[in-house]
Amino acid sequence: EPEVTQTPSHQVTQMGQEVILRCVPISNHLYFYWYRQILGQKVEFLVSFYNNEISEKSEIFDDQFSVERPDGSNFTLKIRSTKLEDSAMYFCASSEEGSGGTDTQYFGPGTRLTVL
Amino acid sequence: AQSVAQPEDQVNVAEGNPLTVKCTYSVSGNPYLFWYVQYPNRGLQFLLKYITGDNLVKGSYCFEAEFNKSQTSFHLKKPSALVSDSALYFCAVRDLGTSGGSYIPTFGRGTSLIVHP
């Protein structure tokens, strides 16, 4: 069964450093998403992406964040200058159609980001 | 605005007993409801969803959920729990009736299900 993959599984970085989290969505899916979950808290939406542009983003997704689909398979989340409060589990998800319909999002295993 | 609540941080049940994981929601229009499960070191796995139709929805691993519009609930159930069901369960809702609003689901905080042998 096809699945969303994410690398690395765990990333440790110093405050102020840039990090790039990588995701490979399911191959025939067209919509991509990033979520994060701070330890013990809700899963929070960050951004959705379709047709090489951001379709929706939350207030969490400020200028420090960016997303890119550099090739036909990868979908990346970049944090330019990490802060302690960016420490969280970051989940990538993809769906065949948009959430405007009734499509199901499929999630990757997550990347645990620790900012020291 | 859409929101979802999972009132229990943890549910404990003995293997073989029925289990219920609670979820209540709030939407302006009609709800589109999901349950996901997260096993250790894994991503969220889709279990089931409700859009319209029968109030009892059947999903993966013999789980089912009952949509109750009057109580605005979508509790997850299983007739006989297995130790392997022990995991974190997330309820999510999207408001299908929101005009111009967000198309992104809102997730609950998750409920840890522990099934004892």
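Brief remarks follow.
- Compactness of region A:37-83 - radius of gyration and Dmax, Cα, Å: 11.8, 34
- Listing of region A:37-53 residues, each with accessible area lower by at least 10 Å² in the full protein assembly than in the chain alone (probe 1.4 Å): A:Gln37, A:Gly40, A:Gln41, A:Lys42, A:Val43, A:Phe45
- Cα-only radius of gyration and Dmax that characterise region B:3-116, units Å: 13.7, 46
- Straight-distance crosslink candidates among lysines, where the alpha carbon sits under 19 Å from B:Lys78 and sequence neighbours closer than 8 are dropped: B:Lys22, B:Lys49, B:Lys58
- Modelled spin labels at B:Asn41 and A:Asp63, positioned 7 Å past Cα toward Cβ, are 4.1 nm from each other.
- Region A:1-69, accessible surface, carbon-and-sulfur percent (1.4 angstrom probe): 44 percent
- Most tightly packed first, judged by the mean number of other beta-carbon atoms within 10 Å of their residues, the peptides B:78-91, A:72-85, A:40-53 read B:78-91, A:40-53, A:72-85.
- Free-standing Cys, the protein assembly as shown [no other Cys Cβ under 4.7 Å]: B:Cys62
- Accessible area buried at the B-A interface, both sides summed, 1.4 Å probe (Å², nearest 100): 1800 Å²
- Cα-Cα P(r), chain A, percent of pairs per 5 Å interval: 2, 12, 24, 26, 20, 10, 4, 1, 0
- For the protein assembly as shown: Kirkwood Rh in Å [reciprocal of mean 1/r, alpha carbons]: 18.2 Å
- Pairwise label distance in nanometres, B:Leu82 with A:Leu116, each label 7 Å out on the Cα-Cβ vector: 4.1 nm
The values are calculated or read from the model by the stated rules, or taken from the named source; none is laboratory data. Please read all numbers here as calculations on a predicted model, not as lab measurements. Cβ: placed from backbone, ideal geometry, glycine included. Neighbour counts: every protein chain shown. These accessible areas exclude ligands, DNA and RNA; they are computed on the full protein's heavy atoms, side chains included. Shrake-Rupley method; radii C 1.70, N 1.55, O 1.52, S 1.80 Å.
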